[in-house]
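Since every read-out is calculated from the coordinates, none of them should be taken as a lab result. Since the model is a prediction, treat every value here as computed from it, not as a measurement. Cβ placement follows ideal geometry from the backbone for every residue including glycine, while neighbour counts extend to all protein chains displayed.
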Amino acid sequence: MILERSAEGLTARLAPRGAGRFAGAGFLAVWLAFWAVGEAFAIAFLARGAWWLLTGRPIGTGGGGPGWGSALALGAFLSVWLAFWTLGGVLAGRELLRLLWSEHRLIAGPRGLERRERIGPFVSRRLIPRGTPLRLYLLERPGALMADAAGERIELTRLGSPAEREELRRALATELVLPEEPAEADEPAELPRGWELRIDPEGGRVLVRDLDARRKQAVTMAVLTALAGAGTTALAIASRTDDGALVPAAMAAALTTGFAWLQFRLARTHLEWRLESGRLALRRRGPAGATELFAAGSLEIAESRDDDGDAWYELVALAPGAAAEGAAVTRPRSRRERRTVLREIHDPGAVRALGAWLARETQLPLADRTTREARSRDLAALKQQLAASGRFGAWVARQLEGRG
C-alpha cells in the first residue's frame, strides 16, 4: 500500500501482490484457452443452424438437415448454454486482469471519498460526497474495507494486508473527520437501504422490501415467458410433421407454464410485514387482498457459520412462546415458530439496524445473540447445562472452561 498526499487529497494506492496470484492467473489463462475453443464451436454451430433454417440448405453438404423440431430444440438449448458460457468467460477474463493488472485508489479530499478501480484498461469511479453519513469498517471475513454510506454498503478494497487495511481505515476516518466506531449493540435504529414503510389498503403500516427490484424481476420473467412461449408454439407447429418435436414441445410447454407462474407471483403478489403494537405479522398480498402467514411475538439476531467459515447474520421473527426468556441457544426450526426477516453475510450492520427499528416500532423484545457479551452469556449458560447433564457433560464443561 502506498499512502501519500496529492493535489486531490489523501490518496491510497493498493495493487495485488504475492507470488500465489500467478498460479491462479496461469490456471485462468489455460481455462480461457479452452473457453475460446468452446465459444467458437458453439457460435459456428448456431450459425450453420441459422443458415439452414433461413435457406433450407445446410452449409457444406448437399443433403437435408434435421427436422424442424429437433433443430429448434437443439438451437434453443445451445443458445442458453452459450449465454452462460460467454458470461463465465467474461468473468474469468476480468479475474485474470484483476490478478495481473489492477489497482485500487482511494482518495479522501474536499469532494469526499472517491474509489477508483482499474482492471486492465478499464477504470470505474465511485464518489461518496462530503456530508453523506459515512461509516468505515472492516469485515471479520474476508477482511474487506467497507463503507456504509447512508445505509448503502460499498466495498472499498480487499487488497493489502489486514494491518494495512486497518491503517487505511484510520487514516481515511481522520482525514474525513468521521466519528468513532459505534459499539456492537449501538447500531442506529433506522431502516436499511432497500426497505420501505408503506400504508396498506386497510390503513395499517407495512414494511416491504425493494418492490422496484421485484418489478424488474417480473419484467425479466415476462420476457423469458414470451420467448419460451414462442419456442413452444414453433415446436408445436413442427410436431405436426416431425414426431421428434413432440417431446421437446412438451418440455417447452412445461417450462413456459413455470415461467408464467413465476411471472404472476412476481408481478401480482409480494410479502409484507404488518407492524402492530406488540405484534409483527408476515402476510402475502395478492389481487384478492392479504393473507396472514405468520405472527411474531419477539425478535432475535443470530449468527451462524457455513462450510467455508463465513459468518451469516440473521434477523428472526419468533412466534409467541417459541423461545424462553433468557434461553442460551434456542433455535426453533419449524416455520410455524420462526421466520427470517433479513439474512446477510459477513456484516451484521443492516441486520442489527433493522432489528432495532422493528423493536422500536412494534415494542417487541429483541435479543441480539451476536455481540461479544451475548456470546459470553450463552457460553456460560451452555456450560451450566452441560455440568448438570451428567458426568460426560461435566467433563465437556471443564474442557470448555479450560479453553475459555
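Gain in length, R94 to Q384, computed as 0.36 nm per residue apart minus the alpha-carbon separation, to one decimal in nm?
99.2 nm
Under 15 Å from the Cβ of L97, count the other residues' Cβ atoms, weight Lys and Arg +1, Asp and Glu -1, and hand me the total.
+1
For the chain, what does -39500 (n - 2.57) per DSSP helix run (n ≥ 4), summed and divided by total residues, give at 222 nm, in deg cm²/dmol to the nearest 500?
Rounded to the nearest 500, the figure is -15500 deg cm²/dmol.
Using only the Cα atoms of region 279-370, what semi-axes does the equivalent ellipsoid have when each is the square root of 5 times a gyration tensor eigenvalue? Give whole Å, largest first.
Calculated on Cα positions only, the semi-axes equal 22, 16, 14 Å.
Starting from the Cα of A44, step 7 Å toward the Cβ, then list every residue of region 77-120 with an amide N under 18 Å from that point.
Under cut-off, by backbone N: 78-79, 82, 86.
Compute the angle between helix 20-55 and the longest alpha-carbon principal axis of the chain, please, reported from 0 to 90 degrees and rounded to the nearest 10.
40 degrees
Please state the charge dipole magnitude for the chain, taken about the Cα centre, from unit charges on C-beta atoms (+1 on K and R, -1 on D and E), reported in debye and rounded to the nearest 20.
It comes to approximately 480 debye.
For a test of the definition: using alpha carbon positions, the gyration tensor, and the 1.5 limit on a/c, classify the chain as rounded, prolate or oblate.
Oblate.
Quick check: the distance between the Cα centres of region 252-314 and region 203-219, to the nearest angstrom?
Region 252-314 and region 203-219 have Cα centres separated by 11 Å.
Please state, to two decimals, what the Cα-based radius of gyration of region 215-369 comes to when divided by 2.2 N^0.38 Å (N = residues).
Relative to the rule-of-thumb radius for its length, region 215-369 sits at 1.47.
Quick check: residue separation of R398 and S376 times 0.36 nm, minus the Cα distance between them. What number comes out in nm?
Answer, rounded to one decimal: 6.4 nm.
Any idea which of A290, A302, G278 is furthest toward the positive side of the dipole for region 260-311, if Lys and Arg beta-carbons carry +1 and Asp and Glu beta-carbons -1?
Working it through, the farthest residue towards the positive pole turns out to be A290.
Against the longest alpha carbon principal axis of the chain, how many degrees, from 0 to 90 and to the nearest 10, is the axis of helix 349-362 turned?
On a 0 to 90 degree scale, this one is about 70.
Just name one of V90, A149, M221: the one whose Cα is farthest towards the positive end of the charge dipole of the chain (beta-carbon charges, Lys/Arg +1, Asp/Glu -1).
The listed residue farthest towards the positive side: M221.
Sort 235-246, 279-290 by packing, meaning the average of other beta carbons within 10 Å per residue, with the highest value first.
235-246, 279-290
If you project the alpha carbons of region 211-268 onto their three principal axes, what span does each projection cover, largest first, in Å?
45, 13, 12
Ranked from highest to lowest mean number of other Cβ atoms within 10 Å per residue, what is the order of the peptides 101-111, 7-17, 122-132, 191-201?
Taking the mean over residues of other Cβ atoms within 10 Å, the ranking is 101-111, 7-17, 191-201, 122-132.
Going by alpha carbons, how many degrees (0 to 90, nearest 10) lie between the helix axis of 68-100 and the longest principal axis of the chain?
It works out to around 40 degrees.
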